[in-house]
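Peer 1: Sharing a structure here in structure tokens format.
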Amino acid sequence: MPSRPSLKQTLTAVALMAAHNLTPADCFGPQAAVEAPRRTSTQHYFTVEDSMHSDTAFYNPLLSLTPTRSQLPAWLRLEKSHLVHQNMERLRHSMLSSYFTESEVLKLNYAIQEAADGDAHRMAGAAEFCLIMVETMEMGLNALIAAAFHYSHCIEARHASCALPHRDLSPWDAGSPHHSIESFGKHALAIERDAARLKRLEMVASMVHSNNSYRVTPDSEEADNLRNLFLTEAKDWRALAIRGAACLYRLRGLLASDIGKVTKEAGRACREALRIYAPLASRLGMHRLKNELEESAFRILYRRQYETVSALLHQTRDSEESFHLARREARFGSSSEPDIGDSMQQILSEVQAEMTELLKNDAVFSHSVEDFSVTARVKESYSTWKKMLRNRFDHILQVPDALALRIVLKSKKESPYESDAVTRARDRALCYYAQKRCTERWAPASDPRFKDYIANPKRNGYQSLHYTATTEWHGEEWNMEIQVRSGEMHKVAEYGVASHWDYKARGKPAKGEEETYTNADGYSVAINDHFGRMSAHHTDAYLRRLQEWHWNQQDNTVAPDDDLPHAEPLILSEEADSQLRAERIRARTKRLAPYIEALTEAQSDLARENVFVFLHQSKKDVEGTVLALPAGSVVLDAIRYCELPVAVEEFITHNGEPTSLTRRLTNGDVLSIPSLSALVTPAM
């Protein structure tokens, strides 16, 4: 005799019945008399054929009330209730180190408790999720509160989806927000709702792309279209940042679960990180997040290759034959002498200091330059592996830019009336002079690979001087790449040609929507919280001071984004910690501003030029796709683009409903096509 359901199962069943407008008779009556649950517009995105031939077309809510661990994705299977105090304390310490106030820490702690409804497991997970955003990004309190509620929403939706048919998207509908989030302010609510919409788009994409799994495995073209769709639909850039953090949370969960053989689910999560969220993080200027996404996905998806690159870094320069020993040391952590990786860091540190002194003490350079910086980096393992693969290198030391230094400079104006064209010409001349001084000190390698992208810019506008130099360290010769560019060239390289900073052309925000302060350079900076983007006056002078860039992001300590219109003043008191907090916020605003503005320009261009729609085919094992069509396209345009047979036209549905061929398409629409076999009339 079957056991009676527990009280928890009964309460869950009642909740499901209420959510789907079911009566007890619907659940326990004869199956033949049961009508399918009321479908939302989201559920109608797929054709009736998908469900009529499915064993789960009619379901009993009691079949799967509380999902087992095996039903959940690998990154959600670990029990975390016992980590709640540890994770909350780690989050508190990280926030205080980033100059959040104690009251802000307490407010986020309260938000986590409210979002998780006091559940210790969800609180631990939400704290871990917020910690990712504090450590790898520069998010403020609004975004962190939104992230806590978004995490809980995703966990609830994931649990609910286990009890529903495969293609039921109702748990992922944006719907009504958590009842408590409104008490934390309209801005946190808006960010959370935006993140929920992006997550729902991600789920639609995953279901359209594969008939057998939830996760997305886009090829390069589809990845471009998905990224552009997310960019176009994101109302606030912080929602994109939250989804990027969610991607890293998944990867860390996979690493912690020690999945062994890479499953289809894990592989899709990794490819999603590499092809969608790492490029998005780069466009947001969050290079530490990008690096961690690529590193974690590389480590999971290509474990053997990751271990090979790590082993090469653990070798010593004079004992390359010890590769297998180095590989073992890389895996188990035993090492007794300096390795290539450590040597690279020490070489860069010494050369960077010497290069800075060389330029600073040069009379001609010092007289002509207003400001300059020298930065250095060791190439990330994922990028190194790709370059070794592309160029068929056998060793990391063959990669010419495994070690790299970059000089970014800004020349002085001879007078306040000097034209920008003259200043840019002086910038170019100073770049050539700086490279000449470098070649005199660090001789070109046997294959110097001189590249003059100033005289011959790349098609995307990239300008810089490159050459491969050599330096002697401990009696051995090491190659390194030296790059020289101006601040304006660096801006184009980092943020794109479209980042042209026409702030005055933007309408004045409504009263109460922005907060302004005067930065350390005396310029008025405004943070527009409603649109999640920044603006500034005296733009040209302001931009030329933006010399911080991503090569040194991985080791930087992050600062909070104090972007609340009604937040506490930036300078809370005359105390040193408040002054440091204000300086960190200003520095963060200056560094992220060009990325956000470039992103805003890209969003505007994409919305003006394209519409992105999903094409779903109901035939089993036939994957759908994401189409990028010209703005203003109609259903017929999509049919012609895919070169479908004319007979199919009348059977296509638009978001689950019959449609006319002249129906105009909007972002995120789903066009469903029944299998060709369903369109063929059987012979009599």
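Peer 1: For the range 455-469, which residues satisfy the criterion of being modelled with pLDDT of 95 or more and open to solvent by 10 Å² or more (accessible area, probe 1.4 Å)?
Peer 2: Across the range 455-469, the qualifying residue is only HIS466.
Peer 1: Does the range 621-628 contain any residue that is open to solvent by 20 Å² or more (accessible area, probe 1.4 Å), at pLDDT 75 or above and in contact with an Asp or Glu (Cβ under 7 Å, 6 or more places away or on another chain)?
Peer 2: yes
Peer 1: Does LEU430 satisfy the criteria of being modelled with pLDDT of 95 or more and either of a type outside the set (A, V, I, L, M) or part of a strand (DSSP E or B) (or both)?
Peer 2: Working: modelled with pLDDT of 95 or more: yes; either of a type outside the set (A, V, I, L, M) or part of a strand (DSSP E or B) (or both): no.
The answer is no for LEU430.
Peer 1: Give me the pairs: first residue in the range 439-451 and at pLDDT below 90, second residue open to solvent by 70 Å² or more (accessible area, probe 1.4 Å) and in a helix (DSSP H, G or I), beta-carbon distance under 6 Å, and six or more apart or on different chains, which are they?
Peer 2: From residues that are at pLDDT below 90, there are no pairs.
Peer 1: Here's a follow-up. Quick one: which of ARG243, ARG250, ARG299 is at pLDDT 90 or above, of a type in the set (Lys, Arg) and open to solvent by 20 Å² or more (accessible area, probe 1.4 Å)?
Peer 2: On the way: ARG243 fails: open to solvent by 20 Å² or more (accessible area, probe 1.4 Å); ARG250 fails: open to solvent by 20 Å² or more (accessible area, probe 1.4 Å).
Sole residue among the options that is at pLDDT 90 or above, of a type in the set (Lys, Arg) and open to solvent by 20 Å² or more (accessible area, probe 1.4 Å): ARG299.
Peer 1: Restricting to the range 120-174, name every residue that is more than 19 Å from LEU78 (Cα to Cα) and basic (Lys, Arg).
Peer 2: ARG167
Peer 1: Inside the range 243-269, can you point out the residues that are among the acidic types (Asp, Glu) and not in a helix (DSSP H, G or I)?
Peer 2: Narrowing the range 243-269 to residues among the acidic types (Asp, Glu): 258, 265.
Scanning the range 243-269 gives a single hit, ASP258.
Peer 1: Moving on to the next point. Please list, ordered by first then second residue, the pairs with beta carbon atoms under 9 Å, 6 or more apart or interchain, first in the range 358-372 and closer than 14 Å to LYS436 by Cβ, second outside any helix (DSSP H, G or I) and of a type in the set (Gly, Ala, Ser).
Peer 2: The qualifying pairs are SER368/SER411.
Peer 1: Has the range 269-289 got any residue that is open to solvent by less than 30 Å² (accessible area, probe 1.4 Å), over 19 Å from MET133 (Cβ atoms) and touching a residue at least 12 places away in the same chain (Cβ under 8 Å)?
Peer 2: Yes.
Peer 1: Determine, yes or no, whether SER349 is open to solvent by less than 50 Å² (accessible area, probe 1.4 Å) and either part of a strand (DSSP E or B) or polar (S, T, N, Q) (or both).
Peer 2: When the stated conditions are applied, SER349 does not pass them.
Peer 1: Out of curiosity, is GLY668 modelled with pLDDT of 80 or more, open to solvent by 20 Å² or more (accessible area, probe 1.4 Å) and on the phi > 0 side of the Ramachandran plot?
Peer 2: Answer is no for this residue.
Peer 1: Follow-up. Testing ALA266 on (1) farther than 22 Å from GLY140 by Cα; (2) under 15 Å from the mean Cα position of the chain (by Cα); (3) open to solvent by less than 10 Å² (accessible area, probe 1.4 Å), one condition comes back false. Which one is that?
Peer 2: (2)
Peer 1: Inspect the range 362-372 for any residue being in a helix (DSSP H, G or I), in contact with a Ser or Thr (Cβ under 9 Å, 6 or more places away or on another chain), open to solvent by 20 Å² or more (accessible area, probe 1.4 Å) and under 23 Å from VAL492 (Cα atoms) and give the result as yes or no.
Peer 2: Looking through the range 362-372, at least one residue is in a helix (DSSP H, G or I), in contact with a Ser or Thr (Cβ under 9 Å, 6 or more places away or on another chain), open to solvent by 20 Å² or more (accessible area, probe 1.4 Å) and under 23 Å from VAL492 (Cα atoms).
Peer 1: If you take the residues of the range 193-231 that are modelled with pLDDT of 75 or more and basic (Lys, Arg), which of them is nearest to ARG250 (Cα to Cα)?
Peer 2: LYS199
Peer 1: List pairs: first residue in the range 412-434 and touching a residue at least 24 places away in the same chain (Cβ under 8 Å), second residue in a helix (DSSP H, G or I) and open to solvent by 50 Å² or more (accessible area, probe 1.4 Å) anywhere in the structure, Cβ distance under 7 angstrom, at least six positions apart or on different chains.
Peer 2: Between residues of the range 412-434 that are touching a residue at least 24 places away in the same chain (Cβ under 8 Å) and residues that are in a helix (DSSP H, G or I) and open to solvent by 50 Å² or more (accessible area, probe 1.4 Å), the close pairs are ARG424/GLU488; ASP427/GLU488; TYR433/VAL364.
Peer 1: Quickly run through the range 373-415 and pick out the residues that are open to solvent by 60 Å² or more (accessible area, probe 1.4 Å) and outside any helix (DSSP H, G or I).
Peer 2: Correct list: ARG392, ASP394, LYS412, LYS413, GLU414.
Peer 1: With the structure loaded, tell me whether ALA190 is modelled with pLDDT of 90 or more, at negative phi and either touching a helix residue (DSSP H, G or I) at 6+ places or on another chain (Cβ under 9 Å) or in a helix (DSSP H, G or I) (or both) or whether it fails that test. Working first, answer last.
Peer 2: Values: modelled with pLDDT of 90 or more: yes; at negative phi: yes; either touching a helix residue (DSSP H, G or I) at 6+ places or on another chain (Cβ under 9 Å) or in a helix (DSSP H, G or I) (or both): yes.
Yes; evaluated as a whole, the condition is true for this residue.
Peer 1: Considering GLU104, GLU79, which residue is open to solvent by 50 Å² or more (accessible area, probe 1.4 Å) and either free of Cβ contacts under 8 Å to residues at least 60 places away in the same chain or not small (Gly, Ala, Ser) (or both)? Don't jump to the end; show me each part of the working.
Peer 2: Details: GLU104 fails: open to solvent by 50 Å² or more (accessible area, probe 1.4 Å).
The match here is GLU79.
Peer 1: Might you let me know whether the range 143-151 holds any residue that is open to solvent by 10 Å² or more (accessible area, probe 1.4 Å), out of contact with any strand residue (DSSP E or B) (no Cβ under 9 Å at 6 or more places or on another chain) and assigned to a helix (DSSP H, G or I)?
Peer 2: Taking every residue of the range 143-151 in turn, at least one turns out to be open to solvent by 10 Å² or more (accessible area, probe 1.4 Å), out of contact with any strand residue (DSSP E or B) (no Cβ under 9 Å at 6 or more places or on another chain) and assigned to a helix (DSSP H, G or I).
The values are calculated or read from the model by the stated rules, or taken from the named source; none is laboratory data. Given the structure is predicted, the values throughout are model-derived calculations rather than measurements. Note: ideal-geometry Cβ built from the backbone for every residue, glycine included; neighbour counts use all protein chains shown. Only protein heavy atoms, including side chains, enter the accessible area calculation; ligands, DNA and RNA are left aside. Shrake-Rupley method; radii C 1.70, N 1.55, O 1.52, S 1.80 Å.
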